[in-house]
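Colleague: Okay, here's the structure, questions in a sec.
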Amino acid sequence: MIILLLVSLLSLLILYHLIEQQRTSRMRKIISKVPGPTKYPIIGSSLEFGRNSVELMTNLQRMAADYGPVFKVWMGPTLYVVLSDARDVEVVLSSSVHLNKPQVYDFLKKWLGTGLVSAPAVRWKSQRRILTPAFHFKILETYIDIFNANARIMMGQLEKEVGNEKFDIAPYVDKCTLDVICETAMATSIDAQLNEESQFTKSLKVVSKAVLVRAFKPWLFPEFTFNLST
């Protein structure tokens, strides 16, 4: 029974790989001139990424040095073009045409649904038009007190690190940002910075880690295999 299950799983992975190859054949011709690390069947160039986010950033910096400011990597059968020059990034982010999200954004849908973060281009455009007035300067000015209050809390938390040669500031910024978003957009205080036992914060860490782990394991891309892993 186990052998049959493994054979079935392998067959599905191979079929998925072949379908993706057929779907992206034109793109492969276009992208063939872009440099990048060696691509292997099924796993792509995933071996180049490392075991965690720190190794990933180090390896991406190394690849940028080796291949130039524009290079390609394959996450399983999915192609990513990596830009390391701010001018290239500006061109992409300023585009009003290329608005569709890559596949990894689909991993967020069970958590966030199809809001601005993960919505397809057509829905994103309509939702963006609705939300844009909410970010007018006059409205943002009404949140200054909330921004300042949470910034002061973050500064107090950072005092724990005084005397350390170096430390990771990301967790402090993440919690401060979360408090600001919840208090301004949702009119709810969760005290992410001060309440280490916050259930919402803990749940957020769990689901974020699950999405990140899935994003770097191509065999978990299909819903079928991902559901088996959970």
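The values are calculated or read from the model by the stated rules, or taken from the named source; none is laboratory data. A quick note: this is a predicted structure, and the numbers were derived from the prediction, not measured. Note: ideal-geometry Cβ built from the backbone for every residue, glycine included; neighbour counts use all protein chains shown.
Colleague: Only residues in the stretch 101-124 that are in contact (Cβ under 8 Å) with a residue 40 or more places away in the chain count as the first member; pair them with residues that are small (Gly, Ala, Ser), Cβ under 7 angstrom, at least 6 apart or cross-chain, and list the lot.
Modeller: Going by the 7 Å Cβ cut-off, the qualifying pairs are VAL104/ALA215; PHE107/ALA215; LEU108/SER118.
Colleague: Out of THR177, THR184, which single residue is of a type in the set (S, T, N, Q), closer than 26 Å to VAL54 by Cβ, part of a helix (DSSP H, G or I) and out of contact with any Lys or Arg (no Cβ under 6 Å at 6 or more places or on another chain)?
Modeller: Criteria check complete, one pass: THR177.
Colleague: I've got another one for you. Scan the stretch 150-168 for residues that are of a type in the set (Lys, Arg) and not in a loop (DSSP other than H, G, I, E, B) and report the count.
Modeller: The qualifying residues number 2.
Colleague: Would you mind listing the helices (runs of 4 or more DSSP H) fully within the stretch 72-145 where at least 2 residues are closer than 27 Å to LEU60 by Cα and out of contact with any Pro (no Cβ under 6 Å at 6 or more places or on another chain)?
Modeller: The helices (runs of 4 or more DSSP H) meeting that bar are 86-93.
Colleague: Going through the stretch 147-169 one residue at a time, which ones are more than 15 Å from LEU194 (Cα to Cα) and either surrounded by 11 or more Cβ atoms within 10 Å (Cβ to Cβ) or at pLDDT below 95 (or both)?
Modeller: PHE147, GLU161, VAL162, GLY163, ASN164, GLU165, LYS166, PHE167, ASP168, ILE169
Colleague: If GLN193 satisfies all but one of (1) of a type outside the set (A, V, I, L, M, F, W, C); (2) in contact with a Lys or Arg (Cβ under 8 Å, 6 or more places away or on another chain); (3) assigned to a helix (DSSP H, G or I), what's the number of the condition it fails?
Modeller: So the condition that GLN193 fails would be (3).
Colleague: Filter the stretch 1-56 for residues that are among the hydroxyl-bearing types (Ser, Thr, Tyr) and loosely packed, with under 12 Cβ neighbours inside 10 Å; which is modelled with the highest pLDDT?
Modeller: THR38
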